[in-house]
Amino acid sequence: MAAGLYLIGIGPGGINGMTREAISAAKAADVRRFETYTAFWEEDAISELEEEIGDIVRVMRPEVEEPDELFRLASTSKVALLVVGDPLQATTHVDLQLRAIEIGIPCHVIHGISITGIVTGAVGLSNYKFGRQTTLTYPYGGWVATSPLEVIALNRSQGLHTLVFLDLDPTGAGVGEQRPMQPVDVVEAFRAMASKLESEIEHEQLKSNLIGLEAARKICECIEDLPIVLCTDMGTPDQRILSCSLSTLGDAQEGRMHCLIIPANTSEIESEALQRWSK
């Protein structure tokens with residue numbers, strides 16, 4: 001390994017989910033940074049990784065989006081940025097890669113197992129029938145973003161399933177105090193989105209460029225019955241899957257990291273697969 005920046009995917013939640021290449025590259029690095037604002041591991045898992053590869057310094061959003069220090073180090077040293085899942089699943093890291101290349105810093109990518117590759121097969125839905133992905137966010141400063149519900153409505157109108165990632169930072173600042181969304185947070189967020197969309201429909205204020213009036217009205221009217229597959233701590237020994245409706249999701253068990261699938265029309269095999277996860 002030569003000096004430069006190494007974007008290393010470390011998988012979903014523990015050293016056993018890392019590739020040999022990822023472990024070897026991380027161990028050989030002079031400097032190791034663990035990016036913990038787009039996703040993170042439990043402290044015990046990070047400690048186990050440190051025992052294997054050496055000391056790790058955790059970094060948050062500012063250090064990655066303003067990477068002058070990373071680039072300074074990478075100009076003369078082997079710098080490993082450890083990223084949960086695959087390092088190029090988030091545009092933040094694609095931007096980092098492009099900026100490094102632009103200023104002449106060699107940037108190497110070692111891919112890892114991503115949640116997008118785990119969850120669809122684990123649940124049992126056809127990967128070919130997924131539409132656009134979306135992220136459900138906390139209501140920063142009281143602002144409710146309805147775009148996640150609009151994406152879901154658009155996908156469902158086209159017979160496509162939706163993979164929904166969940167926010168893990170109530171502040172939106174990306175500097176710490178992370179609290180990954182739990183099932184009760186999801187229920188509150190969906191109800192708030194539906195309420196806002198209904199109000200916009202009623203007052204003829206809907207300006208979405210994603211969905212039409214009928215699709216918006218339909219998803220708001222059936223929001224409590226919206227089918228949801230809750231995927232918890234996927235790719236780890238604690239992995240759990242639950243198929244339910246929004247109205248019962250709040251009773252689901254909490255976990256470290258969740259994501260959702262909102263199914264649309266299902267084939268016979270898909271329906272049978274989902275039945276496994278029903279209460």
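Please state which one of 84, 79, 144 is among the hydrophobic types (A, V, I, L, M, F, W, C), in contact with a helix residue (DSSP H, G or I) (Cβ under 8 Å, 6 or more places away or on another chain) and under 21 Å from residue 31 (Cβ atoms). Don't jump to the end; show me each part of the working.
Values: 84 fails: in contact with a helix residue (DSSP H, G or I) (Cβ under 8 Å, 6 or more places away or on another chain); 144 fails: under 21 Å from residue 31 (Cβ atoms).
That would be 79, the only listed residue that is among the hydrophobic types (A, V, I, L, M, F, W, C), in contact with a helix residue (DSSP H, G or I) (Cβ under 8 Å, 6 or more places away or on another chain) and under 21 Å from residue 31 (Cβ atoms).
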Any idea how many residues of region 20-63 are within 20 Å of residue 1 (Cα to Cα), of a type in the set (D, E, K, R) and touching a helix residue (DSSP H, G or I) at 6+ places or on another chain (Cβ under 9 Å)?
5
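Got a sec? Which of 205, 178, 253, 158 is polar (S, T, N, Q) and touching an Asp or Glu at 6+ places or on another chain (Cβ under 6 Å)?
178
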Taking region 224-279 and keeping residues surrounded by 14 or more Cβ atoms within 10 Å (Cβ to Cβ), part of a strand (DSSP E or B) and more than 17 Å from the chain's Cα centre (by Cα) leaves 227, 242, 243, 244
Assess whether residue 206 counts as being free of Cβ contacts under 8 Å to residues at least 60 places away in the same chain, over 24 Å from residue 143 (Cβ atoms), of a type in the set (A, V, I, L, M, F, W, C) and assigned by TED's automatic domain parsing to the domain that holds residue 153.
no
When region 20-46 is examined, which residues are found to be over 16 Å from residue 88 (Cα atoms), out of contact with any Asp or Glu (no Cβ under 8 Å at 6 or more places or on another chain) and at pLDDT 95 or above?
20, 21, 24, 25, 26, 28, 29, 30, 31
Restricting the search to region 3-29, which residues are on the phi > 0 side of the Ramachandran plot, under 21 Å from the mean Cα position of the chain (by Cα) and in a strand (DSSP E or B)?
11
Residues of region 193-217 being in contact with a helix residue (DSSP H, G or I) (Cβ under 7 Å, 6 or more places away or on another chain) and at pLDDT below 95, in sequence order, are 197, 198, 201, 206, 208, 210, 211, 213, 215, 216, 217
Confirm whether residue 166 is within 30 Å of residue 17 (Cα to Cα), surrounded by 19 or more Cβ atoms within 10 Å (Cβ to Cβ) and in contact with a Cys (Cβ under 7 Å, 6 or more places away or on another chain).
yes
Scanning region 66-112 for residues that are free of Cβ contacts under 8 Å to residues at least 60 places away in the same chain and more than 19 Å from residue 36 (Cβ to Cβ), the one surrounded by the most Cβ atoms within 10 Å (Cβ to Cβ) turns out to be 99
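The values are calculated or read from the model by the stated rules, or taken from the named source; none is laboratory data. Because the structure is a prediction, the values reported are computed rather than measured. Here the Cβ is made from the backbone with ideal geometry for all residues, glycine too, and neighbour counts use every protein chain on show.
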